[in-house]
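Asks: To start, I am sharing the structure in question, which I have written as structure tokens.
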Amino acid sequence: MTRPTLAQQLARQGISRRAFLKFCAATASMMALPPGMAPAIAEQLGRRTRPSVIWLSFQECTGCTESLTRSHSPTVENLIFDLISLDYHHTLQAASGEAAELAREQAMEEGGYLVLVDGSIPTKDGGIHSTIAGMTNLDMLAHTVKDAAAVVAIGTCAAFGGIPKADPNPTGAKGVAALMADGSIASKPLINVSGCPPIPVVITGVLAHYLTFGSVPELDNLGRPRAYFGDSIHDRCYRRPFYDAGKFAKTFDDEGARKGWCLYELGCKGPTTHNACATAKWNMGTSFPIESGHGCIGCSEPDFWDAGSFYKPLSAPAGDVSGLVGGAVAAGAVAGAAAGLYARSQKRKAAASREKMTVDDLKD
Amino acid sequence: MASVGGLSDIPVVTTEGIAPDAGVTPAVQALLTELAESLEAFRRTGNTHVIDLRSLPIRLEEHALLRDWLGVGEVTVEIDSLGLTSIHETAYPGIWWVIHRNREGEIMTQQVEVTRCPALIHSQPEDIDEAAARLRAALTHTGEMP
């Protein structure tokens with residue numbers, strides 16, 4: 001049985017061509033493509049058949065699903081799901097138990113489906129630390145990825161291991177890329193949409209790109225789409241003029257903080273974090289952490305949870321350096337360089353033996 | 001590769017920009033200049049142009065500044081299609097302002113189009129095909145011709 005094209009599918013649902021063109025204009029905008037491309041997107045999308053999508057949730061907090069269901073342009077209940085045909089998703093699907101697993105197997109029969117993964121995959125003790133229907137996450141992922149066309153790792157847990165991977169990583173948690181690299185699962189085209197959670201419009205934008213072009217978008221060295229992860233937060237931050245002018249908030253309630261000055265000294269990880277928060281923002285473009293007065297915590301980067309305090313500046317060492325550089329750490333290029341070198345070795349050590357955050361960190 | 005003798009040998013072309021206005025920010029001024037050039041290019045070549053405001057690193061207040069500066073012309077169109085899309089011709093015919101909203105009324109994107117008429121306003125060939133069949137079926141069903 002040949003599947004209907006997307007255009008045919010939409011027409012049957014009473015969605016006019018005009019509505020479809022409007023959707024494509026919004027999609028082009030979401031994918032950060034030139035708006036003049038909307039007619040070409042309509043042409044391409046209209047001709048494609050509705051692909052199957054299997055969403056696998058593993059060691060996750062459901063935050064990524066929550067983020068996706070907050071996606072607003074277009075709304076998830078409407079076109080995107082009509083277009084991508086979500087055949088299997090624990091939280092959103094109506095079926096449960098054996099009926100749900102049967103739906104997954106049926107969706108897989110035709111091959112060429114898209115696999116979306118959120119949550120990390122435990123590998124210790126044979127992967128027994130997270131199972132679904134008696135099957136370990138690792139076995140389910142290996143089985144499902146085998147005939148997939150492509151895989152999208154949604155969220156920092158699926159992309160890089162995330163919070164379950166934080167030291168001491170009791171379950172042996174790994175991201176999808178790591179499992180492809182060590183041969184535990186088949187190697188397939190992989191898109192990492194990292195973030196804790198990722199911005200909703202980034203998730204749907206990546207899906208829209210795949211639907212339209214049938215291919216993986218241009219990726220950075222960590223497998224993340226360049227359209228959304230190409231710039232650092234620092235590069236697009238509206239508080240950058242204050243950074244450039246040397247105006248920093250020193251505490252969360254001082255005059256600088258009230259005036260909206262740069263949060264570098266309060267631990268902002270913007271300079272080393274790549275994501276679309278500063279442009280796409282959160283909650284329908286309302287705001288993002290820095291705009292709300294809190295520094296970036298670097299949640300779209302690997303091992304962000306083990307990278308030292310969220311409240312110590314990037315230039316400051318992660319540990320006690322009073323013996324080495326005589327106290328005044330932030331001042332002076334020499335002290336800064338020495339501190340930087342020390343910080344790097346301390347961060348390696350911190351990753352090995354996780355630093356617990358104390359009340360003192362908040363007092364800095 | 002042609003070599004340039006010195007800085008003074010590099011040809012300089014000046015174009016008339018929009019005169020600086022007390023209430024217009026540099027970003028808005030740049031967009032207005034882009035629109036002026038696009039409108040002139042459209043007159044010469046017929047090439048349309050679209051600016052997607054959502055993709056630009058400008059503030060929401062600057063969207064409003066640009067919209068107010070361009071003003072409202074003779075035509076306003078409301079399209080009820082998967083949510084409301086509002087289109088109006090600005091005070092400069094050929095420059096149209098488009099706001100796409102979803103079914104929750106949230107703005108998905110705002111665009112400025114340089115064209116005779118935005119494509120979304122036209123009836124689409126596929127919809128016309130479907131309408132012709134539907135109208136014929138409805139007439140046959142009533143059993144009488146008007």
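The values are calculated or read from the model by the stated rules, or taken from the named source; none is laboratory data. In this text the structure is predicted, and so the values were computed from the model without any measurement. Virtual Cβ from ideal backbone geometry, glycine too; neighbours counted across all protein chains shown. All accessible areas refer to the heavy atoms of the entire protein, side chains included, with ligands and DNA or RNA removed. Shrake-Rupley method; radii C 1.70, N 1.55, O 1.52, S 1.80 Å.
Asks: Can you send over the carbon and sulfur percentage of the accessible area for chain B, probe radius 1.4 Å, protein chains only?
Replies: Accessible surface attributable to carbon and sulfur in chain B totals 56 percent.
Asks: Averaged per residue, what accessible surface does region A:131-278 expose to a 1.4 Å probe, in Å²?
Replies: For region A:131-278, the solvent-accessible area averages 38 Å² per residue.
Asks: What number, rounded to the nearest 500 deg cm²/dmol, is the helix-based mean residue ellipticity at 222 nm of chain B, given -39500 (n - 2.57) per DSSP H run of at least four residues and division by all its residues?
Replies: -11000 deg cm²/dmol
Asks: I need the GluC sites (Glu not before Pro) found in region A:194-286, filtered to DSSP loop residues with at most 12 other beta carbons within 10 Å of theirs.
Replies: A:218
Asks: Sorted by accessible area (1.4 Å probe), largest first, how do B:136, A:239 line up?
Replies: Sorted descending by solvent-accessible area, the residues read B:136, A:239.
Asks: Roughly what angle does helix B:125-142 make with the longest principal axis of chain B, taking Cα atoms, 0 to 90 degrees, to the nearest 10?
Replies: Roughly 20 degrees between the two axes.
Asks: Let me ask something additional. Given points 7 Å out from each Cα along the Cα-Cβ axis, report the residue A:149 to residue A:258 separation in nanometres with one decimal.
Replies: Here the answer is 5.7 nm between the modelled labels.
Asks: Kindly report, to the nearest 10 Å², the accessible surface of residue B:135 as traced by a 1.4 Å probe over protein heavy atoms only.
Replies: Taking all protein chains as shown, residue B:135 has close to 110 Å².
Asks: Follow-up question, since we're still on this one. Mean separation of Cα pairs under 8 Å and 6+ residues apart, divided by the residue count of chain B: what relative contact order is that in percent?
Replies: Once normalised by length, the contact order is 17 percent.
Asks: Find the sum over both chains of the accessible area lost when B and A are paired, probe 1.4 Å, and report it in Å² to the nearest 100.
Replies: 2000
Asks: How would B:97, B:69, A:261 rank on accessible area, largest to smallest, probe 1.4 Å?
Replies: Descending order: B:69, A:261, B:97.
Asks: Counting only residues 5 or more places away or on other chains, whose amide H sits under 5 Å from the amide H of residue A:116 once H atoms are built in the peptide plane?
Replies: Here the answer is A:54, A:55, A:56, A:152, since their amide H atoms fall under 5 Å of that of residue A:116.
Asks: As an exercise, use a Förster radius of 41 Å and the Cβ-Cβ distance of residue A:105 and residue A:181 to find the FRET efficiency, rounded to the nearest 0.05.
Replies: Between residue A:105 and residue A:181 the formula returns 0.90.
Asks: Where does each of B:96, A:305 land when they are ordered by accessible area, with a 1.4 Å probe and the largest first?
Replies: A:305, B:96
Asks: Give the angle, between 0 and 90 degrees and rounded to the nearest 10, that separates the Cα long axis of helix B:60-70 from the longest principal axis of the Cα atoms of chain B.
Replies: Compared with the principal axis, the helix lies near 90 degrees.
Asks: Compute the distance in nm between two label points, each set 7 Å from the Cα along the Cα-to-Cβ direction, one at residue B:86 and one at residue A:47.
Replies: Between residue B:86 and residue A:47, the simple spin-label model gives 3.8 nm.
Asks: With every protein chain present, what accessible area does residue A:135 have (1.4 Å probe, heavy atoms only), rounded to the nearest 10 Å²?
Replies: For residue A:135, solvent-accessible area is about 50 Å².
Asks: Give me the distance in nm between label points sitting 7 Å out from Cα along the Cα-to-Cβ direction at residue A:226 and residue A:8, one decimal.
Replies: 3.7
Asks: Rounded to the nearest Å, what's the spacing between the alpha carbon centres of region B:95-146 and region A:243-286? Just the number, please.
Replies: Here the answer is 45 Å between Cα centres.
Asks: For chain B, take the longest principal axis of its alpha carbons; what is the angle in degrees between that and the long axis of helix B:26-45, to the nearest 10 within 0 to 90?
Replies: The angle comes out near 70 degrees.
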